[in-house]
1. So, of the residues in segment 36-56 that are part of a strand (DSSP E or B) and modelled with pLDDT of 70 or more, which turns out to be nearest to the chain's Cα centre (by Cα)?
2. Being outside any helix (DSSP H, G or I) and modelled with pLDDT under 85 is true for just one of 135, 179, 128, 202. Which residue is that?
3. Among the residues of segment 10-35, count how many are surrounded by fewer than 14 Cβ atoms within 10 Å (Cβ to Cβ), among the polar types (S, T, N, Q) and outside any strand (DSSP E or B).
4. Being part of a strand (DSSP E or B), at pLDDT below 90 and farther than 21 Å from residue 296 by Cα is the filter here, so list the residues in segment 57-94 that pass it.
5. Looking for whichever is out of contact with any helix residue (DSSP H, G or I) (no Cβ under 6 Å at 6 or more places or on another chain), modelled with pLDDT of 95 or more and not in a strand (DSSP E or B) here; the options are 152, 164. Which one fits?
6. From the list 228, 236, which residue is assigned to a loop (DSSP other than H, G, I, E, B) and either at pLDDT below 90 or closer than 30 Å to residue 290 by Cα (or both)?
7. Which of the numbered conditions does residue 273 fail, given that it passes all the others? Conditions: (1) in a loop (DSSP other than H, G, I, E, B); (2) in contact with a Phe, Trp or Tyr (Cβ under 9 Å, 6 or more places away or on another chain).
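The values are calculated or read from the model by the stated rules, or taken from the named source; none is laboratory data. Remember, it's a predicted structure, so these values are computed and weren't measured experimentally. Heads up, the Cβs are rebuilt from the backbone with ideal geometry, glycines too, and the neighbour counts pull from every protein chain shown.
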Amino acid sequence: MTAYNFLKESNVHLVYGGSRYLLKTTPDVSFSQTFAEDAYEVKTLHDQTKMFQGTSITKANPADFSFTVSLTTEKDETIVKSLLTDYDTTEGQTRINSFDLYIVSSESTFKLNECVITNGDFNLAKGSALTLTVSGQAQKLERVGNASYSLPGSLVSASSTRTPTLSLIDVEVGGSDVSNIISATLSVQNEIDWTPYETLHSSLSVTNASNAVYPSGFTLGRRVVSGNIVQYVTSNNSSTVQSFNTDTTVRVKTVVNGSTFLDANLANCMFTKRTDITDVFTQAFDYRLIGNPANLSTVITY
């Protein structure tokens with residue numbers, strides 16, 4: 001009987017530094033990789049009937065992946081946040097850490113080699129569980145075996161429970177509390193440049209997907225930490241609509257059981273403020289970090 005792969009029956013394992021973490025993800029896990037086609041003309045001056053282009057496929061584009069984890073009170077998901085924010089300086093240059101992902105279904109085990117997180121979005125919506133959605137790129141996607149494939153790394157023991165957090169949002173701009181908050185967002189972006197990997201020699205030896213040329217590494221370009229804060233326009237803040245600031249502090253916190261849980265304490269930010277006219281007037285701070293902290297993990301804590 002034919003066996004199928006079902007996402008809801010799959011597990012996601014993250015392998016980093018010799019350790020393996022079983023992630024409790026939401027059902028929106030995705031991953032894929034495409035090959036790059038170079039089309040060329042085959043029509044010649046002497047043969048005008050060849051209207052369809054020929055093709056050459058020798059290399060693969062970086063693979064893409066995304067998944068969402070709940071940031072629980074047990075903090076078993078700290079590894080995901082760390083891989084989003086931390087630096088790696090072991091190779092003489094500032095870059096972010098890479099890792100491997102394994103997606104194990106009831107039929108197959110897929111591996112994403114040398115993954116790097118390019119975007120992380122913290123969901124801080126009131127009344128919703130605190131989550132972190134990450135997306136990124138990887139060097140290579142491959143099926144490495146069936147469901148019984150032996151995964152590498154020492155499995156890190158996880159908490160017996162995973163408790164979602166329904167947190168309160170506490171926001172400060174310029175040291176002052178922002179009242180009447182509707183929502184807040186926080187996003188981290190890592191601009192990745194993949195190293196050129198195709199040479200004449202390597203391309204000539206490609207015969208199929210098994211020996212195609214894959215990206216060989218990456219470097220970290222610029223980083224962006226940004227978000228927005230939306231509040232109601234009231235008699236207490238209507239005098240400050242349509243304003244901006246080029247150097248101030250922004251602090252976005254979530255509070256769980258009276259204690260700070262997620263804390264983004266961002267010095268040296270800019271923001272612009274805009275109004276949105278609906279049934280109830282609102283205004284939004286669109287902010288971005290312009291300072292250069294030594295490490296993002298020191299200013300975004302969890």
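1. Taking segment 36-56 and keeping what is part of a strand (DSSP E or B), we get 36-40, 54-56.
Now narrow it down to the ones that are modelled with pLDDT of 70 or more: 36-39.
Values: 36: 23, 37: 27, 38: 29, 39: 32 Å.
Per the stated criteria, the residue is 36.
2. Values: 135 fails: modelled with pLDDT under 85; 179 fails: modelled with pLDDT under 85; 202 fails: outside any helix (DSSP H, G or I).
So the residue among 135, 179, 128, 202 that is outside any helix (DSSP H, G or I) and modelled with pLDDT under 85 is 128.
3. Total satisfying the criteria: 2.
4. Answer for segment 57-94, where residues must be part of a strand (DSSP E or B), at pLDDT below 90 and farther than 21 Å from residue 296 by Cα: 57, 58, 59, 60.
5. Numbers: 164 fails: modelled with pLDDT of 95 or more.
Every option except 152 fails the conditions.
6. On the way: 228 fails: assigned to a loop (DSSP other than H, G, I, E, B).
The match here is 236.
7. If we test residue 273 against (1) in a loop (DSSP other than H, G, I, E, B); (2) in contact with a Phe, Trp or Tyr (Cβ under 9 Å, 6 or more places away or on another chain), just (1) comes out false.
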